[in-house]
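What follows draws every value from the coordinates through simple rules; no lab data is involved. Bear in mind that the values here come from a model prediction, so they are computed numbers and not experimental data. Don't worry about glycine lacking a Cβ; one is built from the backbone with ideal geometry, like all the others, and counts go over all protein chains shown.
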Amino acid sequence: MKTKIIFLSIAIILFFSTICSASYEGDNLEIYAHEMIKGDLIFTIGDSRYSGEIPSGSTYDVNFDASLPDGASVKSARLYTYWIWSHSGNEGVIPSLETRFQDSLLVTDREYTDRKGSGSYDYPGGTYAYDVTSIITDDGEYLATVKNTGDDKTFAINGIGLLVIYEYGEQEMEYWISEGADMIYATEDIDSNDAVTEVVFENLKSPDTVDHAILTTVIPGGNKGKNSLYFNSESWDGVYNGEPSNDLAIDIRDVKESLQSINIVKIRDDGDYMQPSNAILAVKYPSSTSSEEKTDNQMFGFELIAALGMMVMAYGYISKKR
């Protein structure tokens with residue numbers, strides 16, 4: 001009897017904890033990578049657009065133009081599929097989808113999903129991440145295709161993103177890549193202070209010596225401008241408004257002046273209904289060439305001052321002799 005009561009108690013706890021964990025309240029995006037390289041990155045959504053409902057057997061295509069500098073070497077590349085409204089009839093379900101890139105069938109590297117957890121239209125959304133490093137061999141045109149392979153299932157695509165990290169030149173770049181799918185929505189039941197997605201970028205090498213710092217945030221569903229972005233002590237309102245694609249907002253901004261050793265990003269919903277999926281921080285330091293030139297100039301200046309000093313001393317000595 002005791003054993004049955006214990007199992008029943010555990011089941012009840014698990015049931016209610018599942019309900020509580022699924023809501024429009026915010027969570028954190030996961031840090032996928034943090035690294036220092038000599039190079040740069042590009043993020044593009046190609047010709048993405050909101051798909052509308054994709055019936056069983058139908059496909060959705062996005063074309064990309066990955067323009068890399070001559071001599072650049074691809075270090076890593078990731079493809080992101082941002083999906084939403086997955087259901088079978090009136091029941092929310094995980095989609096059955098097949099993703100190809102340059103006709104190569106991909107296997108998901110990471111899968112992130114979220115859902116409201118209760119009430120009507122409890123349909124999940126998600127971000128699927130794929131490693132396509134071996135396929136991006138050079139700059140050029142690439143094609144991504146998503147197919148609905150589920151019987152009696154349907155879903156929609158907000159868009160597809162391509163992130164390429166490449167090595168090039170001498171300037172050091174420290175970067176963080178965060179990933180996820182955090183469905184947030186400020187409603188009568190969810191206060192906007194709770195509908196917040198957070199990202200923490202830790203261990204910044206040297207905030208005082210940074211040349212440039214660019215924050216890129218990717219927000220499927222951010223199309224009404226009812227939202228705010230925070231970076232440490234700075235804040236901006238109405239950031240995500242369906243640009244550059246309907247229902248897929250991307251914001252790129254300079255955050256150099258607000259950098260700290262630990263940097264906190266917050267994305268707040270004020271009635272928009274969004275699914276923050278990526279935040280990427282790229283920090284660039286002075287190149288080694290610039291440092292060497294600076295050192296050489298400093299040495300030249302020191303030598304010039306020393307030479308002038310010696311000339312003054314010699315002139316004084318000659319004057320005394322006279």
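Give me the Kirkwood hydrodynamic radius of the stretch 127-169, using the inverse of the mean 1/r over all pairs of distinct Cα atoms, in Å to one decimal. Don't skip to the end; give the middle numbers.
Values: mean 1/r = 0.0745 Å⁻¹.
Mean inverse Cα-Cα distance, inverted, gives 13.4 Å.
Calculate the FRET efficiency for residue 235 and residue 30 from the Cβ-Cβ distance with a Förster distance of 30 Å, rounded to the nearest 0.05. Could you put the intermediate results ahead of the total?
Values: r = 24 Å, r/R0 = 0.78.
Efficiency computed from Cβ-Cβ geometry: 0.80.
Please give the length that would be gained between residue 109 and residue 151 if that part of the chain were fully extended, namely 0.36 nm times their separation in residues minus their C-alpha to C-alpha distance (nm, one decimal).
Here the answer is 12.7 nm.
Would you mind checking 38/256; 205/226; 147/266 for any pair whose Cα atoms are more than 24 angstrom apart?
Details: 38/256 19 Å; 205/226 34 Å; 147/266 33 Å.
In this structure, 205/226; 147/266 exceed 24 Å between Cα atoms.
Report the local net charge at residue 212: Lys and Arg +1, Asp and Glu -1, summed over other residues whose C-beta lies under 13 Å from its C-beta.
Numbers: positive: 253, 256, 284; negative: 40, 172, 174, 211, 254, 257.
Summing Lys/Arg as +1 and Asp/Glu as -1 gives -3.
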